[in-house]
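Worksheet: one structure, shown below.
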Amino acid sequence: MGFSHQRLVVYRRAIEFVVWSQDLLHGIKAAGSARTQLERASTSIPLNIAEGNVKSSPRERRRYWEIALGSATECAAILDVLVARRLLNEMQVAE
């Protein structure tokens, strides 16, 4: 692991979520904008964790981590939308 962010557990978990959500979306044919939004938001999580990790100012670092948290919350809401649209069921998103 060459970069400092790669040693962060939260970063590695975010990458795991990207893989998990991509696999989950692979089985959905008609998700439309929700699919695109989940791909974008899930990608935003590890990117902002990594970028925030190298900021020297605690305030700036916190800003990036808050953006990552916002993207994670957005992903949770998108999964709720996919369940509401009956494109997924609660068991599929329970993880």
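Per the conditions (1) in contact with a helix residue (DSSP H, G or I) (Cβ under 8 Å, 6 or more places away or on another chain); (2) modelled with pLDDT under 95, the sole criterion not satisfied by I67 is (2).
Could you go through the stretch 54-61 and let me know if any residue there is of a type in the set (A, V, I, L, M), modelled with pLDDT of 90 or more and not in a loop (DSSP other than H, G, I, E, B).
Of the stretch 54-61, the ones of a type in the set (A, V, I, L, M) are 54.
Add one more test, that the residue is modelled with pLDDT of 90 or more, and what stays is 54.
Right, trim to not in a loop (DSSP other than H, G, I, E, B) and you get none.
Scanning the stretch 54-61 turns up no residue that is of a type in the set (A, V, I, L, M), modelled with pLDDT of 90 or more and not in a loop (DSSP other than H, G, I, E, B).
Are any residues in the stretch 16-66 open to solvent by 80 Å² or more (accessible area, probe 1.4 Å), closer than 20 Å to L87 by Cβ and acidic (D, E), and if so, which ones? Within the stretch 16-66, D23 is the sole residue that qualifies. For R62, the stated conditions do not hold, so it cannot be described as basic (K, R), out of contact with any Asp or Glu (no Cβ under 9 Å at 6 or more places or on another chain) and under 15 Å from E95 (Cβ atoms).
Determine, yes or no, whether I49 is more than 19 Å from N89 (Cα to Cα), at pLDDT 95 or above, β-branched (V, I, T) and in contact with a Pro (Cβ under 8 Å, 6 or more places away or on another chain).
Working: more than 19 Å from N89 (Cα to Cα): yes; at pLDDT 95 or above: yes; β-branched (V, I, T): yes; in contact with a Pro (Cβ under 8 Å, 6 or more places away or on another chain): no.
When the stated conditions are applied, I49 does not pass them.
If you go through the stretch 16-49 one residue at a time, how many are in contact (Cβ under 8 Å) with a residue 24 or more places away in the chain and assigned to a loop (DSSP other than H, G, I, E, B)? Steps first, answer last, please.
Within the stretch 16-49, the subset in contact (Cβ under 8 Å) with a residue 24 or more places away in the chain is 17-18, 20-21, 24, 28, 30-31, 34, 37-38, 41-46, 49.
Filter once more, keeping what is assigned to a loop (DSSP other than H, G, I, E, B): 28, 30-31.
The qualifying residues number 3.
Name the residues in the stretch 67-90 that are open to solvent by 50 Å² or more (accessible area, probe 1.4 Å) and more than 21 Å from R13 (Cβ to Cβ), would you? The answer is V81, A84, R85, R86, L87, N89, E90.
Condition test on S56, is it more than 15 Å from the chain's Cα centre (by Cα) and of a type in the set (G, A, S)? Talk me through it step by step, then tell me what you get.
Working: more than 15 Å from the chain's Cα centre (by Cα): yes; of a type in the set (G, A, S): yes.
When the stated conditions are applied, S56 passes them.
The values are calculated or read from the model by the stated rules, or taken from the named source; none is laboratory data. Keep in mind the model is a prediction, meaning the values are calculated, not measured. Glycine gets a Cβ as well: all are built from the backbone with ideal geometry, and neighbour counts include every protein chain shown. Only protein heavy atoms, including side chains, enter the accessible area calculation; ligands, DNA and RNA are left aside. Shrake-Rupley method; radii C 1.70, N 1.55, O 1.52, S 1.80 Å.
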